[in-house]
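Trainee: After the structure tokens below, expect a handful of questions from me.
The values are calculated or read from the model by the stated rules, or taken from the named source; none is laboratory data. Computed from a predicted model, the values in this text were never measured in an experiment. When we count neighbours, we look across all protein chains shown, and the Cβ atoms used for this are built from the backbone with ideal geometry, even at glycine. The protein model used for the area step is the full one, side chains on, heavy atoms only, and it has no ligands, DNA or RNA in it. Shrake-Rupley method; radii C 1.70, N 1.55, O 1.52, S 1.80 Å.
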Amino acid sequence: MQASIPSIVGQMIVFAIFVWFTMKFVWPPITKALDERRARIVDGLAAAEKGQKALIEASSRGDETLRAARTQAQEIVAAANKQATQMVEQARADAESEKARIVAAGHSEVVREVTQAKDALRKQVGELAVAGASKILKREINAGAHAELIAELAAKV
Amino acid sequence: MSAESGAAKTPAEYVSHHLMHLTSNHDAGFVSMTNWHIDTLVFSTVLGLIFLTLFRIAAVRVTSGVPGKLQNFVEVIIEFVDNSVKDSFKGDRSFVAPFALTIFCWVFLWNCMDLVPVDLLPLFSEHVLGLEHLRVVPSADMSATFALSLSVFFFIFWYSFKSKGVVGFAKEFLTHPFGAKLLPFNIILNTVEYLAKPLSLALRLFGNLYAGELIFILIALLPWWAQVIPGMGWMIFHILVVTLQAFIFMTLTIVYLSMANENHDAEHH
């Protein structure tokens, strides 16, 4: 056990050099990096918070847009349905009136043809009657003089 | 921890052989003006260089992004020291914090040398290098511990002068704590108080590590089969001592420098 003065002085010089080295070349770069990282973490946290807020905002805006789109789509579908129904109704009405018209046209045709046939028949029956009467009378009857009589007869048939 | 070299010697010779320094001279006095403790100087310098190299590598490769393992380790120590300083030292830490870091790491590495088996390096140096004595634990040498505590002592005055001025310091030294009328008592008390700081710093560390080394030497005197359990127990306990003593030395340094840095006059007014 001995305290050696030269060793103490020597150690103190070595210690001074070590402290100087630590102070100049070890401490500053590492603490600087630590501070930088701290600042980056602070920034990162702030950015994350901002991002989260933006996300919430965007998602709420998205929801709103979606809701609006859905409503609009429903309106469009409803309008389209209504229009389709109207079109069907219109078509049905058109078809009904067309049908009525065709039926009426057919009907009137039939009536007209029946009337024509009746007229023709009447005429033929009148002619037959005249021919018959002329044969029966066995004399010449002026067809021209008796045309009025024959037409009257035909109308009665 | 072999007792092999002790076989040829008596236990007393073995122990005293272990407690001799590798010196430049053969001065056996308690305080030597001529002896260089070469072993202490070499081991402490090498350990200090290990510390500086490791930390310098980390400082060169430092990144504020994702740190590597070495940087992580270094950052943990630096943050721990910086927080210790921040807690008590008010003011510019650009000197005190690196100062405290150097003390902590250096003393820690010194103390770690106590965990190397006591006979390993002395036997190697004796048989391979032909050196008669070797003590490998720098903190078990008063020269090393006093070198640190005297440096701290110097900076206590440095910070006292800086915060109070030479006149303010002299005034406080002469009139504190009993007032100007009891000037001699103030001088005695303050002298004791100031001297107690470097003495207690150096002797606490030295005492702990010297005692630790001595117990390892005594355990090494036991027969080999009886060494295991006490050796292991003391080793485990010593892991605590090694760290604790380095921490205590650093913390007290910070406390002393903070006290020196406080301006009592400014606080009272």
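Trainee: With an 8 Å cut-off on Cα pairs and a minimum separation of 6 or more residues, tell me the relative contact order of chain B in percent.
Mentor: Value for chain B: 29 percent.
Trainee: Turning to a different aspect of this structure: Kindly write out, for the stretch A:80-92 in residue order, the coupling ³J(HN,Hα) from the Karplus curve 6.51 cos²θ - 1.76 cosθ + 1.60 (θ = phi - 60°), rounded to whole Hz, with x marking Gly and Pro.
Mentor: Listing the rounded values in order: 4, 4, 4, 4, 4, 4, 4, 4, 4, 4, 4, 4, 4 Hz.
Trainee: While we're on this one: In the stretch A:1-38, which residues have a backbone nitrogen under 20 Å from the label point lying 7 Å from B:T34's Cα in the Cα-to-Cβ direction?
Mentor: A:1-10
Trainee: Sorted from largest down, give the three principal axis spans of the alpha carbons of the stretch A:5-156, whole angstrom values.
Mentor: 189, 20, 18
Trainee: Just counting partner chain Cβ atoms within 10 Å, what average do the residues of peptide A:28-39 show around their Cβ?
Mentor: Rounded to a whole number, the mean comes out at 6.
Trainee: What does the average come to when, for each residue of peptide B:43-49, you count the partner chain Cβ atoms lying within 10 Å of its Cβ?
Mentor: Across B:43-49, the average partner-chain Cβ count within 10 Å equals 3.
Trainee: Let me ask something additional. For helix B:224-261, report the angle its Cα long axis makes with the longest principal axis of the Cα atoms of chain B; keep it between 0 and 90° and round to the nearest 10°.
Mentor: 20 degrees
Trainee: What residue among A:A54, A:V114, A:H146 has its Cα farthest toward the positive end of the dipole of the stretch A:5-156, where the charges are +1 on Lys, Arg and -1 on Asp, Glu, each on the Cβ?
Mentor: Projecting each Cα onto the dipole axis, the largest value belongs to A:A54.
Trainee: Along the Cα→Cβ direction, 7 angstrom out, place labels at A:R112 and B:A196. What is the inter-label distance in nm?
Mentor: Label at A:R112, label at B:A196, 14.2 nm between them.
Trainee: Among B:30-41, B:9-20, A:110-121, what's the highest-first ranking by average C-beta atoms within 10 angstrom per residue? Walk me through the numbers on the way to the answer.
Mentor: Numbers: B:30-41: 19.1, B:9-20: 14.2, A:110-121: 10.7.
By packing density, highest mean first, the sequence is B:30-41, B:9-20, A:110-121.
Trainee: Right, something else. Report, by chain and number, residues whose modeled amide H sits under 5 Å from the one on B:V62, excluding near sequence neighbours (fewer than 5 apart, same chain).
Mentor: Under 5 Å from the amide H of B:V62: no residue qualifies.
Trainee: While we're here: What is the mean projected area of the alpha carbon convex hull for the stretch B:64-192, to one decimal in square nanometres?
Mentor: Values: hull surface 51.8 nm².
Mean projected area of the Cα convex hull: 13.0 nm².
Trainee: Return the calculated 222 nm mean residue ellipticity for chain B, to the nearest 500 deg cm²/dmol, obtained by summing -39500 (n - 2.57) across DSSP H runs with n ≥ 4 and dividing by the residue count. Before the final figure, lay out each step's value.
Mentor: Values: 9 runs with 188 residues, N = 269.
That calculation yields -24000 deg cm²/dmol at 222 nm.
Trainee: How much mean residue ellipticity at 222 nm does chain A get from its helices, if each DSSP H run of length 4 or more adds -39500 (n - 2.57) and you divide by all residues, to the nearest 500 deg cm²/dmol? Provide the component values of the computation, followed by the final result.
Mentor: Numbers: 3 runs with 138 residues, N = 157.
Helix-only estimate at 222 nm: -33000 deg cm²/dmol.
Trainee: Count the lysine pairs in the stretch A:25-157 whose Cα atoms lie under 29 Å apart, taking only pairs 8 or more positions apart in sequence or on different chains.
Mentor: Taking the stretch A:25-157 as the scope, the lysine pair count is 11.
Trainee: Quick one: which residues, 5+ away or cross-chain, put their amide H under 5 Å from the amide H of B:W36? H built at 1.01 Å from N.
Mentor: B:S24, B:N25
Trainee: Are there any trypsin sites (Lys or Arg not before Pro) in the stretch B:10-84 that are in a DSSP loop and have at most 15 other Cβ atoms within 10 Å? List them by number.
Mentor: Answer in residue order: B:R61.
Trainee: Residue by residue through B:32-42, how many Cβ atoms from other chains fall within 10 Å of the Cβ on average?
Mentor: That works out to 4 on average.
Trainee: Nearest 20 debye, what's the magnitude of the dipole of the stretch A:5-157 about its Cα centre given +1 on Lys and Arg Cβ and -1 on Asp and Glu Cβ? Intermediate results must be reported in sequence, preceding the final value.
Mentor: Details: 22 positive and 19 negative charges, 66 e Å.
The dipole magnitude comes to about 320 debye.
Trainee: If the cut-off is a Cα-Cα distance under 14 Å, which aspartates and glutamates reach B:K181, setting aside same-chain residues fewer than 8 apart in sequence?
Mentor: B:E172
Trainee: Hey, another quick one. Just from the alpha-carbon atoms, what are the Rg and Dmax of the protein assembly as shown in angstroms?
Mentor: Using the Cα atoms of the protein assembly as shown, the pair Rg, Dmax is 58.7, 197 Å.
Trainee: Checking the cross-link filter: which lysines have an alpha carbon closer than 16 Å to that of B:K162, excluding same-chain neighbours under 8 positions apart?
Mentor: B:K90, B:K171
Trainee: Follow-up question, since we're still on this one. Could you state the accessible area per residue of the stretch A:5-156 in Å², with a 1.4 Å probe and every protein chain left in place? The partial results should precede the final answer.
Mentor: Working: 11720 Å² over 152 residues.
Each residue of the stretch A:5-156 exposes 77 Å² on average to a 1.4 Å probe.
Trainee: Something else now. Return a whole-number percent for the relative contact order of the stretch B:17-159, with Cα pairs under 8 Å and 6 or more residues apart as the contact set.
Mentor: The normalised contact order for the stretch B:17-159 reaches 32 percent.
Trainee: Could you tell me the distance between the Cα centroids of the stretch B:78-117 and the stretch A:53-89, to the nearest Å?
Mentor: Taking the Cα centre of each part, the stretch B:78-117 and the stretch A:53-89 sit 70 Å apart.
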